[in-house]
Amino acid sequence: MKRTRLTLLAVAAAGALALSGCSSDGGDAGGESTAPEPATSFAEGSTMAALADSGTITIGTKFDQPLFGLNGPNGPEGFDVEIGKIIAADLGISEDNIVWKEAVSANREPFIENGEVDIVVATYTINDKRKEVVSFAGPYYMAGQSILVLADNEDITSEADLVGQPVCSVTGSTPAAKLEEIGAVPVLTDTYSNCLEPLRSGAVVAVSTDNVILAGLAAQNEGEFKVVGTPFTDEPYGIGLALDDTEFRMWINDTLEAAYADGRYEDAWNATAGAVLPYVEPPAVDRY
């Protein structure tokens with residue numbers, strides 16, 4: 001089998017400053033917890049049955065993105081992490097039996113293809129090219145590409161101002177491809193946190209990626225940076241899994257829809273990214 005207003009910004013920043021972006025392969029998702037009962041029994045031979053029987057799941061997520069996936073003192077935390085916990089819980093797997101593996105943009109497909117993870121929940125935009133090698137459940141959130149600049153920058157207000165300018169993004173990401181498309185000069189690294197020092201030094205004029213990621217970076221470094229302009233792409237975040245595992249994909253979609261209906265999704269948002277960003281209704285899942 002192949003294997004989530006000013007005063008609010010201050011609160012988010014204070015919490016984020018205590019977090020670290022280390023790159024170990026796993027982490028403790030929290031204290032001891034009792035394994036939840038799976039929502040249903042699973043067909044023999046299915047991925048769900050195999051995971052439930054094993055009592056553990058390996059989830060790839062970002063370790064350097066405040067609000068969505070950041071490796072803190074007790075392991076990864078953020079909205080993507082909470083979405084992963086919801087999926088695990090409906091398999092009957094407790095939080096302390098989740099193995100968290102750092103996934104950067106460039107290794108998400110290889111991790112899934114090579115069976116190094118069971119799923120990836122890592123600000124992972126669904127697109128047709130990626131769907132050639134992995135499957136996606138969701139989307140569970142609709143983000144959009146935007147721009148982060150120094151707080152005193154008044155020259156850049158939209159993507160049009162990036163043309164011909166050095167702009168930092170991440171290797172293997174859809175925002176990096178979009179920068180090239182609009183005529184900016186992409187300066188690429190492996191994680192978005194590594195874009196901040198070039199921005200501070202003037203080596204790049206901006207960082208560009210999804211608005212939710214940039215909001216987290218701005219909150220973590222209050223007063224240094226700001227997000228400008230309006231999003232200029234649609235970035236539907238999905239849960240990556242093995243190609244052609246349709247049964248597992250449909251089950252995850254069922255789980256997401258149940259979490260939308262029973263309030264677990266909104267609770268996960270409010271406990272994480274909701275510190276900075278307003279809650280919006282989740283998009284309809286795509287049962288392709």
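Would you tally the net charge around residue 208, using a Cβ to Cβ cut-off of less than 14 Å, leaving residue 208 out, and scoring K and R as +1, D and E as -1?
Computed value for this residue: -4.
Using 1/(1 + (r/R0)^6) with R0 = 25 angstrom and r between the beta carbons of residue 43 and residue 133, what's the FRET efficiency to the nearest 0.05?
0.50
Enumerate the amide H contacts of residue 64 below 5 Å, restricted to partners 5 or more residues apart or on another chain; note that Pro and chain-start residues carry no placed amide H.
71
Under the definition of Cα pairs under 8 Å and six or more residues apart, what whole-number percent is the relative contact order of the range 189-288?
22 percent.
Normalised by the residues of the range 59-160, what does the relative contact order come to in percent, with Cα pairs under 8 Å and at least six apart?
27 percent.
Could you tell me the accessible area of residue 101 in Å² (1.4 Å probe, neighbours in place), rounded to the nearest ten?
Only protein atoms counted, so the area is about 30 Å².
Note down, for the chain, the three equivalent ellipsoid semi-axes (square root of 5 times each alpha carbon gyration tensor eigenvalue), biggest first, whole angstrom.
The three semi-axes for the chain are 32, 20, 16 Å.
Net charge near residue 121, counting Lys/Arg +1 and Asp/Glu -1 over other residues with Cβ under 12 Å of its Cβ?
+1
Could you state the number of Å between the C-alpha centres of the range 58-109 and the range 143-220?
24 Å
Quick one: net charge of residue 67's neighbours, Cβ under 10 Å, K/R +1, D/E -1?
Spelling it out: positives minus negatives among the neighbours equals -2.
What full-extension length gain, to one decimal in nm, is calculated for residue 53 and residue 180 as 0.36 nm per residue of separation minus the Cα-Cα distance?
Result for the pair: 41.1 nm of gain on full extension.
Based on DSSP H runs of at least 4 residues, each adding -39500 (n - 2.57), what is the mean residue ellipticity at 222 nm of the chain after dividing by all its residues, to the nearest 500 deg cm²/dmol?
Dividing the helical sum by the residues of the chain leaves -8500 deg cm²/dmol.
Could you list the residues of the range 193-230 with an amide nitrogen less than 14 Å from a label point located 7 Å from the Cα of residue 150 in the Cα-to-C-beta direction?
196-207, 224-226
The values are calculated or read from the model by the stated rules, or taken from the named source; none is laboratory data. Nothing here was measured: the structure is a model prediction, and the numbers come from that model. With ideal geometry, Cβ positions are generated from the backbone for all residues, glycine too; neighbour counts draw on all protein chains shown. Accessible surface is based on the protein model in full, side chains and every heavy atom, while ligands, DNA and RNA are left aside. Shrake-Rupley method; radii C 1.70, N 1.55, O 1.52, S 1.80 Å.
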